[in-house]
1. If you take the residues of segment 67-118 that are open to solvent by 60 Å² or more (accessible area, probe 1.4 Å) and polar (S, T, N, Q), which of them is farthest from Gly16 (Cα to Cα)?
2. Mind checking whether some residue in segment 10-30 is surrounded by 13 or more Cβ atoms within 10 Å (Cβ to Cβ), of a type in the set (S, T, N, Q) and in contact with a Leu (Cβ under 8 Å, 6 or more places away or on another chain)?
3. Output the number of residues of segment 409-427 satisfying the condition of being of a type outside the set (A, V, I, L, M), touching a Phe, Trp or Tyr at 6+ places or on another chain (Cβ under 9 Å) and in a loop (DSSP other than H, G, I, E, B).
4. Consider Lys263 carefully, then state whether it is free of Cβ contacts under 8 Å to residues at least 24 places away in the same chain and under 26 Å from Ala126 (Cα atoms).
5. Just for segment 312-335: of the residues that are part of a strand (DSSP E or B) and surrounded by 19 or more Cβ atoms within 10 Å (Cβ to Cβ), which one is farthest from the ligand (Cβ to nearest atom)?
6. Only residues that are open to solvent by 90 Å² or more (accessible area, probe 1.4 Å) and either over 31 Å from the mean Cα position of the chain (by Cα) or hydrophobic (A, V, I, L, M, F, W, C) (or both): list them for segment 373-387, please.
7. Out of everything in segment 196-228 that is modelled with pLDDT under 90 and among the charged types (D, E, K, R), what residue ends up being farthest from the chain's Cα centre (by Cα)?
Amino acid sequence: MGSLKVGDTVKMKYGGEAKVLAEFGSGGQGTVYKVSYNGKEYALKWYHKDVFKGKEKDFYQNLENNIQKGAPTKDFLWPLGITEVHAGVFGYIMDVRPTGYYELTEFFVGSKKQKQVRFKSFNAVADAAINIIQAFRELHNSGYSYQDINNGNFFINPENGKVLICDNDNVSPFGVNLGILGKQRYMAPEVVTGKNDPDKQSDRFSLAVILFRLLFINHPLEGKRSTPPCMTKELERRYYGEEPVFVMDPNDDRNRPVPGTDKNLKTFWPVYPQYIKDLFIRAFSSDVMLKKAPRVIEKEWLDVFFRFKASVVKCPHCKEETFISQQGNNTCIECKKKITVPNAIQFSTVTVPLYPGTKLMMWHADSSQNDVETKLGEIVANPSNPNMFGIKNLSTLSWKVNLPDGSQKPLAPGAVVPVKKDFTIECTTNPKDAGKII
Ligand SMILES: [Zn+2]
């Protein structure tokens, strides 16, 4: 049984049959069909014959293990069931991708048929980054590595930053490699040079490339030096493996962006806050890329993107989205006018400037809870005096507000406490998570 036709049925390993309803599309490894199974619609990935080059048994076993273990987070379109082997060929079923999601590649380039997809807001960019990082953090914490992170695996909703990660059939436990090397331009240098098989560390390099492209569109290693008129295997090995150079490396300007092709990078590099750029500069420093220094871990990326998410507000002058990077004076990225931010809230690991629109998340108060979704509060302006700000309790818990005179007042869910210097707010059940207004 090679390719399938509409109406064909395929036996599932643990009982029942999947019936082919339509073909979704075909790729290098297999064809994806819409099928009906147990009264519900799924996507069936049906592998091409001989695609595993003798490793089909290992691959089948790995898929079965992954199905049993279950998805690390809801953001994975994870294998849910496996077919029996039919004449040496098999496949697995997963949920059908809902509408509104676009392949990450479509955010990078447009075509005549398909316009370049753009995020609706910087808030959606921040959420997409957080969702991708958290998905890989959970994957790594479950003892897996993805091994083949590239722009074809991610589907993103540009409205809200929700993410779906596909092609999870290559996901393997640490130390296991099924012959997957990854995709050129996303592979870590040590995989390109053949020093290592893909693993958690190489995933971290690929993740940095994906995040960089999410923000700046251009590729972090493709500049003047690394885009010769005629690319050879040897040059590719040098530019992506032996001697990669970051296009924005502050200590090495050999690989600066090629003028004319760097429109997005030129637009967005000056716009993003320095602390985000600093983490990319570290992730793509020669030492980190060549593993002479540790790779940036997921927690570090999350800290930075939560800081960034809190900073996205509407400019009071031009009403466009801008960032508040610090207490004191900020400049709108659109109209360049000054925005003054009188106060900030200081938690144990991060200080968040307070401006109407700022969202305080559980992550800011206590990242050890590993909660990337819960909103604690939002900064609002006083309707009768827009220069006076308050923090609205968006949580389900009554907060404790400690005043400078030593007294304490409760703040019910939905209520607002004025932003005043030296107020300390306990916004979780743990007093250590309290934030002090400065
Ligand atoms: Zn403005």
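1. If we filter segment 67-118 for residues that are open to solvent by 60 Å² or more (accessible area, probe 1.4 Å), which is where we start, we get 68-69, 74, 80, 84-85, 87, 95, 97-99, 102, 109, 111-115, 118.
After this cut, where a residue has to be polar (S, T, N, Q) as well, the list is 68, 99, 111, 114.
Numbers: Gln68: 18, Thr99: 28, Ser111: 42, Gln114: 39 Å.
Here the residue is Ser111.
2. no
3. Summing the residues that are of a type outside the set (A, V, I, L, M), touching a Phe, Trp or Tyr at 6+ places or on another chain (Cβ under 9 Å) and in a loop (DSSP other than H, G, I, E, B) in segment 409-427 gives 2.
4. Working: free of Cβ contacts under 8 Å to residues at least 24 places away in the same chain: yes; under 26 Å from Ala126 (Cα atoms): yes.
Answer is yes for this residue.
5. Filtering segment 312-335 down to residues part of a strand (DSSP E or B) leaves 312-314, 321-323, 328-331.
With the extra rule that they be surrounded by 19 or more Cβ atoms within 10 Å (Cβ to Cβ), the set shrinks to 312-313, 322-323, 330.
Working: Val312: 13, Val313: 10, Thr322: 6, Phe323: 11, Asn330: 10 Å.
The extreme case among them is Val312.
6. Pro383, Ser384, Asn387
7. Among residues in segment 196-228 that are modelled with pLDDT under 90 and among the charged types (D, E, K, R), the one farthest from the chain's Cα centre (by Cα) is Asp197.
Per-residue answers, yes or no, for (1) more than 27 Å from Lys200 (Cβ to Cβ); (2) open to solvent by less than 70 Å² (accessible area, probe 1.4 Å):
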{"residue": "Gly223", "(1), (2)": "yes, yes"}
{"residue": "Cys230", "(1), (2)": "yes, no"}
{"residue": "Pro270", "(1), (2)": "yes, no"}
{"residue": "Gln274", "(1), (2)": "yes, no"}
{"residue": "Ser285", "(1), (2)": "no, yes"}
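The values are calculated or read from the model by the stated rules, or taken from the named source; none is laboratory data. Everything numeric in this text was worked out from a predicted model, so none of it was measured. Every residue, glycine as well, gets a Cβ built from its backbone with ideal geometry; the counts of neighbours run over all protein chains shown. Only protein heavy atoms, including side chains, enter the accessible area calculation; ligands, DNA and RNA are left aside. Shrake-Rupley method; radii C 1.70, N 1.55, O 1.52, S 1.80 Å.
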